[in-house]
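Enquirer: I have a structure here, written as structure tokens, and I will follow up with some questions on it.
The values are calculated or read from the model by the stated rules, or taken from the named source; none is laboratory data. Keep in mind it's a predicted model, so treat the numbers as computed, not measured. All Cβ positions, even for glycine, are placed from backbone atoms using ideal geometry, and neighbour counts span all protein chains on display. Surface accessibility is based on the protein's heavy atoms, side chains included, excluding ligands, DNA and RNA. Shrake-Rupley method; radii C 1.70, N 1.55, O 1.52, S 1.80 Å.
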There are 2 protein chains.
Amino acid sequence: MEMIDANRVHELLDFKGLIEALETAHQGGMPKQSDRLIYQEPNPQGQPDIFIMLPAWQPQEGILAKLVTSFPNNKARHNLPTVNSVYVFINADTGVTEAVIDGEAVIFRKTSSDSALGSKLLSRPDAETMLMIGAGGLAPYLVQAHLTARPGIKNVMIWNRTGANAAALADKLAGLGITARAVEDLDVAVSQADIISSATMAQTPQLKGKLLKPGAHVDLVGSFTPEMREADDDVLTRASVFVDHRQTTTRSGEFLGPFERGVITPDDVRGDLFELCQGKVEGRRSAEEITMMKNGGGSHIDYYVAKYLMDRHHGRPFATSCSS
Amino acid sequence: MEMIDANRVHELLDFKGLIEALETAHQGGMPKQSDRLIYQEPNPQGQPDIFIMLPAWQPQEGILAKLVTSFPNNKARHNLPTVNSVYVFINADTGVTEAVIDGEAVIFRKTSSDSALGSKLLSRPDAETMLMIGAGGLAPYLVQAHLTARPGIKNVMIWNRTGANAAALADKLAGLGITARAVEDLDVAVSQADIISSATMAQTPQLKGKLLKPGAHVDLVGSFTPEMREADDDVLTRASVFVDHRQTTTRSGEFLGPFERGVITPDDVRGDLFELCQGKVEGRRSAEEITMMKNGGGSHIDYYVAKYLMDRHHGRPFATSCSS
């Protein structure tokens, strides 16, 4: 059994290769078995502590167990990140554990590459201006992943509720050779951007659909509970709506409320990454079309990423037999 | 995150301390949450491949995820053990993974100490003769654990379907300073033993209850599916029947068939380790009484053992708040 630490994860999960691997994987299908098991513990101070196990098994190929904790009081109590995780990758021919992998690094690379695949399939190839909403842990990865998918982007804006964090992210990106600037007026920035990626913990929509530029692509990452929501109803009605996986619509506040109020229906969700990568649904239809993809994740994506990581680690080309 | 390898596990999980820790833990109760998730993949050559996740969470104290695979063709195809596993121990105050632990070593120590606790509570304190049925991976641990619980044992017999393996186990035990001898006639050995521990993959009972000596204690380890069974109906009717946990009776072939045929009823199961350790039910009532405990395991026991291991690893005395 090997330990694969964060540095090695970042080395192995190059954005270009990972986005291509995700595209290849979505041309096939899901691992044969995948599921989730969630435990919650109430917290007197607010949101509950959560422990999630996401297993996936592709026979003869790999078994992945992703273990995640989300302890909302960590920052205040221990100055530690809310989310911690490890991935355990098991050889599915022998049942022997091959590697225990730093989960945080995988999650950053995985989530941002999932979004970038959406952009590669849906945004305008000539996109030049990107707006990053939110300056949390994921934000620098989302910027890098989107720049990999759309290398024509010349102008990166960052907006964050606490402006100082937007400026700090711009500095961090400068260190990576990426020119970005913090902006103060979200609405103005929204009206200028070709690609908007939003990764916040918002429960009240702050991204206004009526301001979107014709041809814009919106990437929604934040909402992973029914209570969370980043984009308002106008985004849903103006954009052609996509998801990474159909199941996302059953879990995210981005859809649950709007479905209930009849703003859009599940039939208005045009497709997911499987349907797009398999050519079963059309992506962008015109230069003026506004597109949106809600990134919801799922154990199948964790599986693909872990398999790509293990293949790279062993110097093998990426391959998966997932097809169900 | 630390890796705790097999050598270190064996060092930390001393039988005496572990049996005492299990007794202490059973005076309290279960971890607040515990469960299991089982995946199966059919195998053209026979028994299915299995992947099991057993999580347990005691708030503020620990989260354990035990991951186990059972791949029945491993021996023939790869000369590898059928069962492979790892334990992931997470700090339940922070959600951060503290250790990834070699599972095979833990399982050997845990299962044998669970059985030995049953013997400590149920067998005659003056037991002198032990019979080990089966010479698989667990057998040397069961012998050592039973000898720890009952140091008066002077005579260890080993019976195995393939006699050569019994002889090899006797040699192995000699290397550990334990005198044991392989025996050829199971029935004769059964009639002589004060303590009988059986750990086989039998589907047809081979331990005959009518041969049991008055005062004997029977420890059944093998059957963990409805199809498996080690002891015949006479063992159930002659012995006072105990289990490590009540849920064991719903899973093991040691009970399912006999319950269905009315040989005994669930009410005939006198108690489990919680009831025994908490003094809610009486153990052995007389020197002549025959007792039996079916060892079925469960994620709560994995949790106790992992907590004991972590406490020892950090030089702390064992403690757990489990009480539900």
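Table: residues versus (1) at pLDDT 95 or above; (2) open to solvent by less than 50 Å² (accessible area, probe 1.4 Å); (3) not basic (Lys, Arg); (4) not in a loop (DSSP other than H, G, I, E, B).
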position	(1), (2), (3), (4)
B:248	no, yes, yes, yes
B:255	yes, yes, yes, yes
B:276	yes, yes, yes, yes
B:289	yes, yes, yes, no
B:292	yes, yes, yes, yes
B:321	yes, no, yes, no
B:324	no, no, yes, no
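Enquirer: Would you point out which residue out of A:300, A:245, A:313 is touching a residue at least 40 places away in the same chain (Cβ under 8 Å), over 15 Å from the mean Cα position of the chain (by Cα) and closer than 25 Å to residue A:107 by Cα?
Expert: A:313
Enquirer: Related question: Tell me which residues, restricted to segment A:294-319, are open to solvent by 40 Å² or more (accessible area, probe 1.4 Å) and either among the aliphatic types (A, V, I, L, M) or within 16 Å of residue A:55 (Cα to Cα) (or both).
Expert: Result: A:319, single match.
Enquirer: Which of the residues belonging to segment A:1-14 are of a type outside the set (Val, Ile, Thr), assigned to a helix (DSSP H, G or I) and either open to solvent by less than 20 Å² (accessible area, probe 1.4 Å) or farther than 28 Å from residue B:1 by Cα (or both)?
Expert: Within segment A:1-14, A:12 is the sole residue that qualifies.
Enquirer: Oh, and also: Only one of these is more than 30 Å from residue A:81 (Cα to Cα) and open to solvent by less than 40 Å² (accessible area, probe 1.4 Å): B:116, B:76, B:99, B:56. Name it.
Expert: B:116
Enquirer: Now, a different point. Of everything in segment A:186-206 that's touching a residue at least 60 places away in the same chain (Cβ under 8 Å) and over 16 Å from residue A:162 (Cβ atoms), which residue is surrounded by the most Cβ atoms within 10 Å (Cβ to Cβ)?
Expert: A:196
Enquirer: May I pose another question? Can you give me the number of residues within segment B:118-147 that are of a type in the set (Lys, Arg) and part of a helix (DSSP H, G or I)?
Expert: Selection size over segment B:118-147: 1.
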